Structure formats: C-alpha cells, structure tokens
Amino acid sequence: MSEHSTPHVLPLRVYLGIGAILLIFTIITVIAAQIDLGFLNIVIALAIATTKALLVAFFFMHLYYDNKLLFLIFASSIFFLTVLISLTMFDTLRRGDIYEIRDINIEQDAIIYDESSSVGADTSGTNH
Amino acid sequence: MNTIPEQNFLTAEKGLKSWLTTLDHKRIGILYLISITFFFFVGGLFALMIRLELMFPQDEFFIKLDDFNQVFTLHGVIMIFLVIIPSVPAVLGNFVLPLQLGAKDVAFPRLNLASWYLYMFGASFALFSIFTGGVDTGWTFYAPYSTTIDRSVISMTMAVFIIGFSSIFTGLNFIVTIHKLRAPGMTWFRMPLFAWSIYATGILQVVATPVIGITVVLLVLERLLGIGIFDPTMGGDPVLFQHFFWFYSHPAVYIMILPGMGIISETITAMAHKNIFGYKAIAYSSLGIAFTSFLVWGHHMFVSGQSEFAAMVFSFLTFFVAIPSAIKVFNWIATLYKGSISLDTPMLYTFSFLILFTIGGLTGLFLGTLSVNVTLSDTYFVVAHFHYVMMGGSIIAFLAGLHYWWPKIWGRMYNEKLAKIACGMVFVGFNVTFISQFLLGLKGMPRRYATFTSEFAQLNGFSSWGAFLLGAGLLLTAIYLIHAVYKGKPAGNNPWGALTLEWTTSSPPPHNNFEKSPTAHYGPYDFDKIVVESTLDD
Ligand SMILES: [Cu+2]
C-alpha cells in the first residue's frame, strides 16, 4: 500500500503466462459447452469462470502481493454475497414443500377451553 | 470556578459560511445534530397524529382514513432513515470518536462534509415526495403495492438511496479513522468501547447498505420500465423484494442499536467510576452482533409465504443474535456491582436503557419463535417490540450520550433538575405508550389500522396519553439543552471524572482538539489505577 512509494511490478513473463492460462481456460469453456454433462454443465462453467476471475484479481490486480487486509475485504464481500444468495434460495428452491403432520389425530370430543366456565363446554368440535 | 476557554472550535471561525464549509468533525457533528433534531420533531409530530387518531374508536376522529396510511409511513421513513440510522454515528460518532482516539480529525474530513450534504440532499427528496403525492406503503415499501400505486414512491425511495450513500461514507470514514489515526499508545484494546461499537457499525454500514440501494433501484426500474423482477406474471417474485429489503434492514436494526450500546459502555463506567467488566467480551460481542445480524433476516417474513424450511432455519438462527446482546447486558450489570454510582442524568438514561432494551430484546425472542410469530404477526405486539428496541434502546442511548457529552460539546452544563424531571417523563411516558401496545397486540389488535372496535378503546386511550407525556418530556429536553448552550454554567474539562481522552482537553475543545498530541498511557476505564479530579462544582 502507500507505505512503499514504488508500485509493485511483476516480471513481464508472469503477465504473459497468466494471460495464456486465461486463454486456455476460455478454450476449455468453449469445448465444454459442446458436451452435455447434465447438471455438471453449470458447475464446470462456474468453476472455470471463478478460477479466471481469481487469477485476474490475484495477479493482474495484485491482490496476492498487496496488504492482506485487502484480501480479507475481498473474501468477505464474496462471503456476504454467498449468504444473501444461498439463504434466499433456502426459500425460493423449497417453496411449496409442506411438511406432513404425522401421528397427531384431532380428537373429536376433546375439551375445548371456554372462558365462561371451568368445565369444558363446547365439545361439538364443529364451530370455533 | 470553571471558565469557557476563549479559543475553541466554536469561536475559531464565525458566520454561516464558515459552518457550511467546515471540515472540522466537531462542527459537522453539530450540523448533523441540528438537521436530525429537526427531523426527529417532524417524525414525532407524525407519531402524535397517529396517537390522536387512535385515541378513540370512531373513524376519522382526527385524520382521514386515506391519510392515516401516509402518516404512519412518513413517521416510519423519517424516524428510521433520517433520524435513528444517522443519529448516534453521525452526531456523537463524529464529535466524540476522533477525540476519544486522540486524533485531530477523521481520516477524510472532506468526505465527512460531503456525507452531510448528501444527507440533506436525500432529505430534500423525502420532503419533495411528501408534498407531491406522498407514500402510503409503510416504511418497508413492499412490492407489489409499491410498484403499482400512483404515489411518489420513486422520490421517496431515491431519498433512501441517497441517504444510504451518506451512511456508507460515514461508516467508511470511521473505519479508516480507527485503523489509521489512533494516538500513540492507543492499542486496539485500549480503545474506548464506544469506538469499538462505531467500528462494528461501520462494517455494517459498508456491507449492508449497498443492498438496500440496489433494492430500491430495482423497485424504481420495476415502476418505470416494468422489468418484472418482482412481478409473478413476468416470472418475478414479490417475496424476493422482502428478502433483499430485510437483508439490509435487519442489520440496519444493529446499525441503529450498536452505537447506542457503545454509549452505554461509556456512561456506565464513567458514572459507576469503575473499570468495565469484560472489556474484550463487550468489544468482540459488537463484532459478533454485526456478523450474526446478516443471517437472520427471514424472521421478518414468516407469514410472507417463504418456504417452511427457510422459516425454520431463520427462526433457529435468530436465537443466536440474543447471545452477544445478552453478553453486553450482563457485563454492564456486573460493572455496576460495587461501583460508586452517581445518579446524574446520563446514568438515569442508562438505567432506562437497560430496562427498556432488555424488554425489547426479550420480546424479540418471542417474535423470533416461529409458531408464536405466526399469531403475533402484524399486531401491535410487533409495534411495541420494535419501539422498545429502537426508541427505548437507540433513542434513549442517544439521549444518554447527548447528556453525557453535552458539557464537552458546548462547555456548559444543562439544568440537572429539569433534566431529571424530563428523563422521568420520557421513561414513564414511553412505558405507558408501549406496554399498552404489547397488551393490545396480545389481544389481537392489528397494526396499521386507522380504526378499531370498542374492546380496544381503553388501552388505546391509555397509549395515547402516554405518547403525549413522552412528547412533552422530549420537548422539555430540547428546551433546557438549547438553554444550556447559551446560558448554562461552565462545566469544566471533566465534569463526570471520566478517563477517556476526550475529557483531557478543554470544553469546548480547541479547533485541533488537543493543545499537544495526547498519548494513551492507560486503558480507557482504569479507575483502579488512576485518580481523576472531577470539575463539576455543585
Ligand atoms: Cu430482524
């Protein structure tokens, strides 16, 4: 950070190397898109995209060499985004799942609480 | 006899322009204080209008049925976004934090002034919205109602958007200030606990606020372009709005309460003249609250139609929030044990806070329980719980802080006798208002209704009288505090005999805060090691 005045520079071959890896991953993405792997389609596509994004962040954007606090900020923003999306999906993916009520039968002649007398009065069970 | 120093930040420059262009964190704090107080009384006026309407069962006793929805919406929007969220950080945080850290100013003074201007800009949007159709959605702006009605929803939500940026800038500024500008010797664990709570609040402001910004932008796009993100006929989901909204607004509850908790840690040690019990536990529990507050938002949505699975998870997680809050309360009580307690006004407000916040917190556990919540949803029980936390917690803590630091800000002491009377009025008025509402809620009275049947009449009348007493108490507070600014007795540097750094400089502090840069030689509450002279002469 600002403690050292000269900017951190990596050797050119590192940049070129990372650039080459990114290109290779792009080719893999294109090839993978041709094959149908069922639910793995999205997993593979996202895994490749994440790896590429991390390479850009770590090397092109120098996150790997910078103050570790910056990495913490980066990681926590990913974490909170994950929380937002995953907990929301607890709802949206499982809407309409109704849990069965098992082993509890409503007794027709159960004593229903009545304010006016201490004895259960309304036992018809039909009205409120 | 104490005197006011000739050279201080209030006399350093003169004229309105010097205030509007100031970069001094102390003056910016006062700018915020004036604007927030103004909106507090506007929001309070709306509250009294609600209570006047609900004093008697008949319809349209005081306001038209249609206007009632606007009035409670404006009360909520103003009190939450324009008053409570900025109150403690922007007023007291601005004024006190750099002083407590032994710094000359915040890290980014220009950004600090910019955030006040953003706040005023956003507030003007809110006022514009009130005069051009108003909003009657409730402060939560739920879709699909908010996306379809013909009212000034766009300008009101843009007000929230802009004020959100003001809040983010304030939080960011304080985080950097705490990291970079602590005085020599001021290690992390020698920081006053108020600074810790401002730090945790800053994290919440920076992480959570963008989400409400994005949410209201989506709402505006939905209204303008009909993109359909919240519209089921186009594949959207109205409940999604509630998820996004509460992802911010639950942590926002802690943006509102955490700084207040920080104030209580300061007042309770200064007034009990005793080292805080469990410093690290309180410091870490602030961070613990900040973290867990992100995992529980769904407890506002138990009857929204979200999946049963999500409701169970959120209900379960909600109970974890109670742990760090309880840690704080128990530590404060333990701090009082065998302390030498002075019952000055800040301490009376601190006691009020402990009682009211505990009631508010515990009733929160009722509401966090899934099965109980289904019954109590949308009743006055929720309203009462929320006011116990927000008014009984945040605002009471803010008042404790104002009374505690008032002599530091202006160099003058308010009338203690009036202050104690007002504190009593606020405490009694508040409880009369909202205990009635707990009972109303248990009896099943729904919230947001302009009218009710006669069985609710007695408690509603009671609640209204409480609100008037509360309002009178607050008005009295404003009067004697303003009077003290001009006519109060000079208070001296350290009227309470506290140990944190802000009390080592003169009152009011000089423009650069300290005559010479301070060093922290001891912890903020080492009363067992240090003896200080209190300067309040009776
Ligand atoms: Cu909540």
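Only four residue types carry charge here, +1 at the Cβ of Lys and Arg and -1 at the Cβ of Asp and Glu. Report the dipole size of the stretch A:12-97 about the Cα centre in Debye, rounded to the nearest 20. Show your work: numbers first, answer last.
Numbers: 5 positive and 4 negative charges, 38 e Å.
With Lys and Arg at +1 and Asp and Glu at -1, about 180 debye.
Based on alpha-carbon positions alone, could you give the equivalent ellipsoid semi-axes of the protein assembly as shown from the gyration tensor, as √(5λ), descending, whole Å? All intermediate terms of the calculation are to be shown ahead of the outcome.
Working: eigenvalues 333, 294, 118 Å².
Calculated on Cα positions only, the semi-axes equal 41, 38, 24 Å.
Relative to the longest principal axis of the C-alpha atoms of chain B, give the angle of the C-alpha long axis of helix B:380-389, reported between 0 and 90° and rounded to the nearest 10°.
20
Using the alpha-carbon atoms, what tilt in degrees (0 to 90, nearest 10) does helix B:457-487 show relative to the longest principal axis of chain B?
30
Convert each backbone phi in the stretch B:21-29 into a coupling constant with the Karplus relation 6.51 cos²θ - 1.76 cosθ + 1.60 (shift: θ = phi - 60°), then list the ³J(HN,Hα) values in order as whole Hz, x for Gly and Pro.
10, 6, 10, 6, 4, 5, 5, 5, x
Which cross-chain or sequence-distant (5 or more) residues have an amide H under 5 Å from the amide H of B:Arg412, H modelled 1.01 Å from N in plane?
B:Ala491
Roughly how big is the stretch B:16-504's charge dipole about its Cα centre, with Cβ charges of +1 (Lys, Arg) and -1 (Asp, Glu), in debye to the nearest 20?
Working: 25 positive and 19 negative charges, 393 e Å.
Value, rounded to 20: 1880 debye.
Given the C-alpha centroids of the stretch B:5-72 and the stretch B:307-324, what is the distance between them in whole angstrom?
Distance between centres, Cα-based: 36 Å.
Across peptide B:4-10, what mean number of C-beta atoms from other chains lies inside 10 Å of a residue's C-beta? Before the final figure, lay out the partial values.
Details: counts 0, 0, 0, 0, 0, 0, 0.
Neighbouring Cβ atoms belonging to other protein chains average 0 per residue here.
Beyond a 31 Å Cα-Cα separation, which of these cross-linked pairs lie in this structure: B:Lys489/B:Lys516; B:Lys104/B:Lys274; B:Lys17/B:Lys104; B:Lys14/B:Lys417?
Working: B:Lys489/B:Lys516 27 Å; B:Lys104/B:Lys274 28 Å; B:Lys17/B:Lys104 22 Å; B:Lys14/B:Lys417 33 Å.
Listed pairs above 31 Å: B:Lys14/B:Lys417.
B:Thr379's amide H: which non-local residues (gap 5+, or another chain) put their own amide H closer than 5 Å, with H modeled 1.01 Å from N in plane and none for Pro or chain starts?
Distant-sequence amide H within range of B:Thr379: B:Arg447.
Going by the alpha-carbon gyration tensor, a ≥ b ≥ c the square roots of its eigenvalues, is the stretch B:323-466 rounded (a/c under 1.5) or, if a/c is not under 1.5, prolate (a/b greater than b/c) versus oblate? Before the final figure, lay out the partial values.
Working: a/c = 2.84, a/b = 1.60, b/c = 1.77.
In terms of gyration-tensor shape, oblate.
Could you run the Karplus curve 6.51 cos²θ - 1.76 cosθ + 1.60 with θ = phi - 60° over the stretch B:187-201 and give me ³J(HN,Hα) per residue in whole Hz, x for Gly and Pro?
Each residue's phi maps through the Karplus curve to give 6, 4, 8, 9, 6, x, 5, 4, 5, 4, 5, 5, 5, 4, 4 Hz.
Say R0 is 22 Å: what FRET efficiency, to the nearest 0.05, do A:Tyr64 and B:Lys180 get from their beta-carbon distance?
Taking R0 as 22 Å, the efficiency between A:Tyr64 and B:Lys180 is 0.40.
Per-residue mean of other chain beta-carbon atoms within 10 angstrom of the beta-carbon, peptide B:296-308?
Working: counts 1, 4, 4, 0, 0, 1, 0, 0, 1, 3, 6, 10, 7.
Per residue, the average neighbour count from other chains is 3.
Within 10 Å, count the other beta carbons around each residue, average over each peptide in B:431-444, B:378-391, B:142-155, B:256-269, and list them highest first. Please report the intermediate quantities before stating the final value.
Numbers: B:431-444: 20.4, B:378-391: 22.3, B:142-155: 18.1, B:256-269: 28.4.
Most protected by this proxy first, the peptides run B:256-269, B:378-391, B:431-444, B:142-155.
Under a point-charge model restricted to the Cβ atoms of Lys and Arg (+1) and Asp and Glu (-1), what is the dipole moment magnitude of the protein assembly as shown relative to its Cα centre, in debye to the nearest 20? Show your work: numbers first, answer last.
Working: 34 positive and 39 negative charges, 492 e Å.
Rounded to the nearest 20 debye, it is 2360 debye.
Let me confirm one metric for peptide A:76-88, namely the mean number of other chain beta-carbon atoms within 10 Å of its residues' beta-carbons.
Working: counts 3, 3, 0, 2, 8, 1, 0, 4, 8, 1, 0, 11, 11.
If you average over the peptide's residues, the count of other-chain Cβ atoms is 4.
Note down the relative contact order for the stretch A:12-97 as a percent, whole number, built from C-alpha pairs under 8 angstrom at least six residues apart. Intermediate results must be reported in sequence, preceding the final value.
On the way: 20 pairs, mean separation 18.6, N = 86.
For the stretch A:12-97, the relative contact order is 22 percent.
Enter the angle in degrees (range 0 to 90, nearest 10) between the Cα long axis of helix B:279-292 and the first principal axis of the Cα atoms of chain B, meaning the one along which they spread out most.
20
Readers should treat all values here as calculations from the given coordinates under stated rules, not as data from a laboratory. This is a predicted model, so every value here is computed, not measured. When we count neighbours, we look across all protein chains shown, and the Cβ atoms used for this are built from the backbone with ideal geometry, even at glycine.
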